[in-house]
Amino acid sequence: MIRAGLLWLSEQPRIFGFVRSNGLARRFASRFVAGETVADAVGASQRLNAAGVSASLDLLGEAVQSRAEARAARDTYLETLERIRAVGAEANVSLKLTQMGLDIDEALCLANVRAIIAKARSFESFVRIDMEQSTYVDRTLRLFTQAFHPEFGDAVGVVLQSYLRRTERDVEDMIALGARVRLCKGAYKEPADVAFPAKRDVDRSYVRCMDRLLEGGNYPGIATHDVKIIAHAKEFTRQKGIPPGRFEFQLLYGVRRDLQHRLRREGYNARVYVPFGDHWYPYLLRRLAERPANIAFLLGSMVKESLRRS
(Lines give C-alpha, C1' and ligand atoms only; values in the text may rest on other atoms or scores of the structure.)
Protein backbone atom coordinates (compact mmCIF):
# COMPACT_ATOMS: atom_id res chain seq x y z
CA MET A 1 0.00 0.00 0.00
CA ILE A 2 2.81 2.41 0.92
CA ARG A 3 4.68 1.53 -2.28
CA ALA A 4 1.60 2.18 -4.43
CA GLY A 5 1.06 5.55 -2.74
CA LEU A 6 4.65 6.65 -3.25
CA LEU A 7 4.61 5.60 -6.90
CA TRP A 8 1.38 7.60 -7.40
CA LEU A 9 2.98 10.65 -5.78
CA SER A 10 6.02 10.27 -8.05
CA GLU A 11 3.74 10.89 -11.04
CA GLN A 12 2.23 14.15 -9.70
CA PRO A 13 4.15 17.07 -11.26
CA ARG A 14 2.25 19.72 -9.26
CA ILE A 15 3.80 18.44 -6.04
CA PHE A 16 7.34 18.70 -7.43
CA GLY A 17 7.67 22.48 -7.02
CA PHE A 18 6.66 22.33 -3.38
CA VAL A 19 8.97 19.42 -2.56
CA ARG A 20 11.93 20.87 -4.44
CA SER A 21 11.78 24.01 -2.31
CA ASN A 22 11.89 21.97 0.91
CA GLY A 23 15.39 21.94 2.40
CA LEU A 24 14.98 18.62 4.17
CA ALA A 25 13.76 16.89 1.00
CA ARG A 26 16.69 18.34 -0.95
CA ARG A 27 19.17 17.11 1.65
CA PHE A 28 17.63 13.67 1.65
CA ALA A 29 17.63 13.59 -2.15
CA SER A 30 21.36 14.36 -2.10
CA ARG A 31 21.87 10.87 -0.70
CA PHE A 32 20.59 9.41 -3.99
CA VAL A 33 21.30 12.21 -6.50
CA ALA A 34 24.80 13.51 -7.22
CA GLY A 35 23.66 17.11 -7.76
CA GLU A 36 21.91 19.28 -10.29
CA THR A 37 24.79 20.01 -12.71
CA VAL A 38 27.00 18.11 -15.13
CA ALA A 39 29.99 19.11 -13.02
CA ASP A 40 28.38 17.53 -9.96
CA ALA A 41 27.80 14.27 -11.82
CA VAL A 42 31.27 14.08 -13.33
CA GLY A 43 32.80 14.87 -9.95
CA ALA A 44 30.83 12.00 -8.41
CA SER A 45 32.06 9.65 -11.14
CA GLN A 46 35.66 10.63 -10.42
CA ARG A 47 35.21 9.84 -6.73
CA LEU A 48 33.75 6.45 -7.63
CA ASN A 49 36.62 5.81 -10.03
CA ALA A 50 39.10 6.48 -7.24
CA ALA A 51 37.57 3.48 -5.44
CA GLY A 52 37.80 1.31 -8.57
CA VAL A 53 34.10 1.67 -9.45
CA SER A 54 32.80 2.75 -12.87
CA ALA A 55 29.85 5.11 -13.37
CA SER A 56 26.92 5.71 -15.68
CA LEU A 57 25.57 9.27 -15.61
CA ASP A 58 21.82 9.72 -15.91
CA LEU A 59 20.17 13.12 -16.44
CA LEU A 60 16.90 12.97 -14.53
CA GLY A 61 13.70 13.86 -16.34
CA GLU A 62 11.35 12.16 -18.76
CA ALA A 63 8.26 12.83 -20.87
CA VAL A 64 9.36 16.30 -21.99
CA GLN A 65 6.63 18.54 -23.34
CA SER A 66 8.44 20.48 -26.06
CA ARG A 67 11.07 20.16 -28.77
CA ALA A 68 13.16 22.76 -26.95
CA GLU A 69 13.21 20.61 -23.78
CA ALA A 70 14.21 17.53 -25.78
CA ARG A 71 17.04 19.38 -27.48
CA ALA A 72 18.18 20.85 -24.18
CA ALA A 73 18.38 17.33 -22.73
CA ARG A 74 20.34 16.19 -25.80
CA ASP A 75 22.77 19.07 -25.38
CA THR A 76 23.27 18.25 -21.69
CA TYR A 77 24.20 14.69 -22.63
CA LEU A 78 26.63 15.91 -25.29
CA GLU A 79 28.22 18.21 -22.70
CA THR A 80 28.36 15.33 -20.21
CA LEU A 81 30.21 13.11 -22.68
CA GLU A 82 32.65 15.94 -23.42
CA ARG A 83 33.38 16.46 -19.72
CA ILE A 84 33.77 12.75 -19.06
CA ARG A 85 36.37 12.61 -21.81
CA ALA A 86 38.11 15.79 -20.66
CA VAL A 87 38.75 14.43 -17.16
CA GLY A 88 39.37 10.85 -18.28
CA ALA A 89 36.59 9.42 -16.12
CA GLU A 90 35.56 5.77 -16.43
CA ALA A 91 31.92 6.58 -17.11
CA ASN A 92 29.21 6.34 -19.73
CA VAL A 93 25.66 7.74 -19.96
CA SER A 94 22.10 6.49 -19.66
CA LEU A 95 19.02 8.17 -21.15
CA LYS A 96 15.25 7.83 -21.60
CA LEU A 97 13.56 8.08 -24.99
CA THR A 98 10.69 10.25 -23.71
CA GLN A 99 13.35 12.68 -22.51
CA MET A 100 14.57 12.83 -26.11
CA GLY A 101 11.11 13.68 -27.46
CA LEU A 102 9.53 10.29 -28.19
CA ASP A 103 6.04 11.51 -27.23
CA ILE A 104 6.41 14.61 -29.40
CA ASP A 105 7.92 13.31 -32.63
CA GLU A 106 9.68 10.00 -33.21
CA ALA A 107 11.96 11.55 -35.82
CA LEU A 108 13.05 14.18 -33.29
CA CYS A 109 13.78 11.46 -30.75
CA LEU A 110 15.77 9.43 -33.26
CA ALA A 111 17.86 12.45 -34.28
CA ASN A 112 18.62 13.42 -30.68
CA VAL A 113 19.58 9.91 -29.58
CA ARG A 114 21.68 9.30 -32.69
CA ALA A 115 23.64 12.49 -31.98
CA ILE A 116 24.40 11.32 -28.46
CA ILE A 117 25.39 7.77 -29.44
CA ALA A 118 27.55 9.06 -32.30
CA LYS A 119 29.39 11.34 -29.87
CA ALA A 120 29.82 8.48 -27.39
CA ARG A 121 31.12 6.14 -30.07
CA SER A 122 33.63 8.73 -31.28
CA PHE A 123 34.95 8.78 -27.69
CA GLU A 124 34.89 4.96 -27.44
CA SER A 125 32.16 5.31 -24.82
CA PHE A 126 28.65 3.86 -24.46
CA VAL A 127 24.99 4.87 -24.17
CA ARG A 128 22.35 2.87 -22.30
CA ILE A 129 18.71 3.27 -23.39
CA ASP A 130 16.67 3.12 -20.19
CA MET A 131 13.31 1.37 -20.06
CA GLU A 132 10.25 3.27 -18.92
CA GLN A 133 6.66 2.23 -18.21
CA SER A 134 5.27 -0.86 -19.93
CA THR A 135 3.44 1.29 -22.49
CA TYR A 136 6.85 2.28 -23.90
CA VAL A 137 8.47 -1.15 -24.07
CA ASP A 138 7.41 -2.05 -27.62
CA ARG A 139 8.45 1.33 -29.03
CA THR A 140 11.73 1.35 -27.14
CA LEU A 141 12.71 -2.14 -28.29
CA ARG A 142 11.57 -1.42 -31.85
CA LEU A 143 13.79 1.66 -32.11
CA PHE A 144 16.64 -0.15 -30.41
CA THR A 145 16.50 -3.23 -32.65
CA GLN A 146 15.67 -1.44 -35.92
CA ALA A 147 17.64 1.79 -35.60
CA PHE A 148 20.15 2.20 -32.78
CA HIS A 149 21.72 -1.26 -32.51
CA PRO A 150 22.08 -1.88 -36.29
CA GLU A 151 23.75 1.51 -36.68
CA PHE A 152 25.90 1.67 -33.54
CA GLY A 153 26.35 -1.93 -32.35
CA ASP A 154 28.03 -2.27 -28.96
CA ALA A 155 28.12 1.50 -28.47
CA VAL A 156 24.51 1.25 -27.33
CA GLY A 157 22.58 -1.04 -24.99
CA VAL A 158 19.12 -1.36 -23.50
CA VAL A 159 17.41 -2.09 -20.17
CA LEU A 160 14.94 -4.90 -19.42
CA GLN A 161 12.78 -5.14 -16.28
CA SER A 162 12.14 -8.48 -14.61
CA TYR A 163 8.80 -7.48 -13.13
CA LEU A 164 7.21 -7.46 -16.59
CA ARG A 165 5.68 -10.77 -17.61
CA ARG A 166 7.06 -10.40 -21.15
CA THR A 167 10.71 -9.95 -20.19
CA GLU A 168 11.91 -13.55 -20.49
CA ARG A 169 10.93 -13.45 -24.18
CA ASP A 170 12.64 -10.10 -24.61
CA VAL A 171 15.80 -11.50 -23.02
CA GLU A 172 15.92 -14.25 -25.63
CA ASP A 173 15.43 -11.69 -28.43
CA MET A 174 18.27 -9.53 -27.10
CA ILE A 175 20.59 -12.52 -26.74
CA ALA A 176 19.86 -13.49 -30.35
CA LEU A 177 20.59 -9.90 -31.41
CA GLY A 178 23.86 -9.83 -29.48
CA ALA A 179 22.72 -6.70 -27.63
CA ARG A 180 24.09 -5.45 -24.34
CA VAL A 181 21.37 -5.65 -21.68
CA ARG A 182 21.05 -4.12 -18.24
CA LEU A 183 18.65 -6.22 -16.16
CA CYS A 184 16.77 -4.51 -13.32
CA LYS A 185 13.59 -5.35 -11.40
CA GLY A 186 11.51 -2.31 -12.40
CA ALA A 187 10.22 0.69 -10.46
CA TYR A 188 6.96 1.82 -12.09
CA LYS A 189 3.38 1.09 -11.05
CA GLU A 190 1.97 -1.48 -13.50
CA PRO A 191 -1.27 -3.52 -13.75
CA ALA A 192 -1.12 -7.14 -12.56
CA ASP A 193 -1.75 -8.54 -16.05
CA VAL A 194 1.41 -6.77 -17.25
CA ALA A 195 3.75 -7.08 -14.26
CA PHE A 196 4.16 -9.57 -11.44
CA PRO A 197 2.55 -8.01 -8.33
CA ALA A 198 4.39 -10.23 -5.83
CA LYS A 199 8.06 -9.59 -5.01
CA ARG A 200 8.87 -13.31 -4.96
CA ASP A 201 7.68 -13.66 -8.56
CA VAL A 202 9.66 -10.59 -9.64
CA ASP A 203 12.75 -12.11 -7.99
CA ARG A 204 12.23 -15.51 -9.63
CA SER A 205 11.84 -13.84 -13.00
CA TYR A 206 15.00 -11.83 -12.35
CA VAL A 207 17.05 -14.93 -11.59
CA ARG A 208 15.80 -16.78 -14.68
CA CYS A 209 16.56 -13.80 -16.91
CA MET A 210 19.91 -13.19 -15.23
CA ASP A 211 21.05 -16.78 -15.68
CA ARG A 212 20.25 -16.64 -19.41
CA LEU A 213 22.07 -13.33 -19.83
CA LEU A 214 25.11 -14.48 -17.87
CA GLU A 215 25.39 -17.63 -19.94
CA GLY A 216 24.47 -16.31 -23.39
CA GLY A 217 24.41 -12.51 -23.24
CA ASN A 218 26.82 -9.79 -24.31
CA TYR A 219 28.43 -8.29 -21.19
CA PRO A 220 25.17 -7.99 -19.20
CA GLY A 221 24.70 -5.50 -16.40
CA ILE A 222 23.28 -7.20 -13.31
CA ALA A 223 21.49 -4.31 -11.65
CA THR A 224 20.42 -5.25 -8.13
CA HIS A 225 21.24 -4.73 -4.47
CA ASP A 226 19.61 -8.03 -3.51
CA VAL A 227 22.41 -9.91 -1.76
CA LYS A 228 20.74 -13.29 -2.33
CA ILE A 229 20.53 -12.69 -6.07
CA ILE A 230 24.11 -11.42 -6.14
CA ALA A 231 25.24 -14.57 -4.29
CA HIS A 232 23.35 -16.68 -6.84
CA ALA A 233 25.09 -14.85 -9.69
CA LYS A 234 28.49 -15.49 -8.15
CA GLU A 235 27.77 -19.20 -7.67
CA PHE A 236 26.17 -19.59 -11.11
CA THR A 237 29.13 -18.01 -12.91
CA ARG A 238 31.57 -20.07 -10.84
CA GLN A 239 29.80 -23.31 -11.76
CA LYS A 240 29.54 -22.35 -15.43
CA GLY A 241 33.13 -21.14 -15.66
CA ILE A 242 32.05 -17.61 -16.62
CA PRO A 243 34.86 -15.18 -15.76
CA PRO A 244 34.06 -11.93 -13.89
CA GLY A 245 35.19 -9.89 -16.89
CA ARG A 246 32.18 -11.04 -18.94
CA PHE A 247 29.60 -9.10 -16.90
CA GLU A 248 29.27 -6.36 -14.32
CA PHE A 249 27.21 -5.67 -11.23
CA GLN A 250 25.38 -2.36 -11.30
CA LEU A 251 24.18 -0.42 -8.28
CA LEU A 252 22.48 2.87 -7.51
CA TYR A 253 24.25 5.97 -6.28
CA GLY A 254 24.02 6.32 -2.50
CA VAL A 255 22.77 2.76 -1.92
CA ARG A 256 24.95 0.07 -0.30
CA ARG A 257 28.34 1.69 -0.76
CA ASP A 258 29.76 -1.17 1.29
CA LEU A 259 28.48 -3.62 -1.32
CA GLN A 260 30.11 -1.66 -4.14
CA HIS A 261 33.47 -1.84 -2.43
CA ARG A 262 33.11 -5.50 -1.46
CA LEU A 263 32.34 -6.52 -5.03
CA ARG A 264 35.44 -4.72 -6.27
CA ARG A 265 37.61 -6.34 -3.58
CA GLU A 266 36.30 -9.73 -4.71
CA GLY A 267 37.40 -9.01 -8.28
CA TYR A 268 34.02 -8.22 -9.87
CA ASN A 269 33.33 -5.26 -12.14
CA ALA A 270 30.99 -2.74 -10.48
CA ARG A 271 29.26 0.27 -11.98
CA VAL A 272 27.16 2.85 -10.14
CA TYR A 273 24.29 4.71 -11.79
CA VAL A 274 24.74 8.39 -10.96
CA PRO A 275 21.56 10.46 -11.43
CA PHE A 276 21.79 14.25 -11.62
CA GLY A 277 19.65 17.22 -12.57
CA ASP A 278 16.80 19.23 -11.08
CA HIS A 279 14.03 16.68 -11.82
CA TRP A 280 14.92 14.57 -8.78
CA TYR A 281 11.48 14.40 -7.15
CA PRO A 282 10.03 11.40 -9.12
CA TYR A 283 13.35 9.57 -8.78
CA LEU A 284 13.41 10.14 -5.00
CA LEU A 285 9.85 8.81 -4.59
CA ARG A 286 10.66 5.67 -6.60
CA ARG A 287 13.71 5.01 -4.40
CA LEU A 288 11.54 5.36 -1.30
CA ALA A 289 8.98 2.97 -2.79
CA GLU A 290 11.65 0.35 -3.50
CA ARG A 291 12.98 0.13 0.04
CA PRO A 292 10.91 0.85 3.18
CA ALA A 293 14.10 1.45 5.19
CA ASN A 294 14.55 4.65 3.17
CA ILE A 295 11.27 5.98 4.58
CA ALA A 296 12.45 5.30 8.13
CA PHE A 297 15.68 7.15 7.34
CA LEU A 298 13.74 10.19 6.08
CA LEU A 299 11.36 10.23 9.07
CA GLY A 300 14.28 9.91 11.48
CA SER A 301 15.99 12.87 9.83
CA MET A 302 12.80 14.94 10.13
CA VAL A 303 12.52 14.14 13.85
CA LYS A 304 16.17 15.05 14.50
CA GLU A 305 15.79 18.33 12.63
CA SER A 306 12.64 19.18 14.61
CA LEU A 307 14.44 18.48 17.91
CA ARG A 308 17.34 20.72 16.94
CA ARG A 309 14.93 23.57 16.23
CA SER A 310 12.94 23.18 19.44
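The values are calculated or read from the model by the stated rules, or taken from the named source; none is laboratory data. Remember, predicted model here, so these are calculated numbers, not experimental data. Cβ placement follows ideal geometry from the backbone for every residue including glycine, while neighbour counts extend to all protein chains displayed.
For the stretch 161-184, which residues satisfy the criterion of being more than 14 Å from residue 195 (Cα to Cα) and assigned to a strand (DSSP E or B)?
Scanning the stretch 161-184 gives 180, 181, 182, 183.
For the stretch 123-152, enumerate the residues that are under 19 Å from the mean Cα position of the chain (by Cα), aliphatic (A, V, I, L, M) and not in a loop (DSSP other than H, G, I, E, B).
Of everything in the stretch 123-152, those that are under 19 Å from the mean Cα position of the chain (by Cα), aliphatic (A, V, I, L, M) and not in a loop (DSSP other than H, G, I, E, B) turn out to be 127, 129, 137, 141, 143.
Residue 57 - would you say it is modelled with pLDDT of 95 or more and either surrounded by fewer than 16 Cβ atoms within 10 Å (Cβ to Cβ) or assigned to a helix (DSSP H, G or I) (or both)?
no
Every residue in the stretch 219-278 that is under 16 Å from residue 47 (Cα atoms) and of a type in the set (Val, Ile, Thr), please.
255, 272, 274
Can you name every residue in the stretch 30-54 that is closer than 17 Å to residue 252 by Cα, assigned to a helix (DSSP H, G or I) and touching a residue at least 24 places away in the same chain (Cβ under 8 Å)?
Within the stretch 30-54, 40, 41, 42, 44, 45, 46, 48, 49 meet the criteria.
If you scan the stretch 235-260, which residues turn out to be farther than 21 Å from residue 273 by Cα and either assigned to a loop (DSSP other than H, G, I, E, B) or not β-branched (Val, Ile, Thr) (or both)?
Hits for the stretch 235-260 are 235, 236, 238, 239, 240, 241, 242, 243.
Could you list, in sequence order, all residues of the stretch 89-108 that are in contact with a helix residue (DSSP H, G or I) (Cβ under 9 Å, 6 or more places away or on another chain) and small (Gly, Ala, Ser)?
89, 91, 101, listed by residue number.
So if I check each of 182, 212, which one is buried (at least 16 other Cβ atoms within 10 Å of the Cβ), out of contact with any helix residue (DSSP H, G or I) (no Cβ under 6 Å at 6 or more places or on another chain) and under 26 Å from residue 126 (Cα atoms)?
Sole residue among the options that is buried (at least 16 other Cβ atoms within 10 Å of the Cβ), out of contact with any helix residue (DSSP H, G or I) (no Cβ under 6 Å at 6 or more places or on another chain) and under 26 Å from residue 126 (Cα atoms): 182.
For the stretch 130-143, give me each residue that is within 20 Å of residue 223 (Cα to Cα) and not hydroxyl-bearing (Ser, Thr, Tyr).
Correct list: 130, 131, 132, 133, 137, 141.
Could you list, in sequence order, all residues of the stretch 80-104 that are part of a helix (DSSP H, G or I) and buried (at least 16 other Cβ atoms within 10 Å of the Cβ)?
Answer for the stretch 80-104, where residues must be part of a helix (DSSP H, G or I) and buried (at least 16 other Cβ atoms within 10 Å of the Cβ): 80, 81, 83, 84, 85, 98, 99, 100.
Among the numbered criteria (1) more than 17 Å from the chain's Cα centre (by Cα); (2) touching a residue at least 40 places away in the same chain (Cβ under 8 Å), which single criterion is violated by residue 91?
Exception for residue 91: condition (1).
Quick one: in the stretch 261-274, which of the residues that are charged (D, E, K, R) and part of a helix (DSSP H, G or I) is nearest to residue 216 (Cα to Cα)?
264
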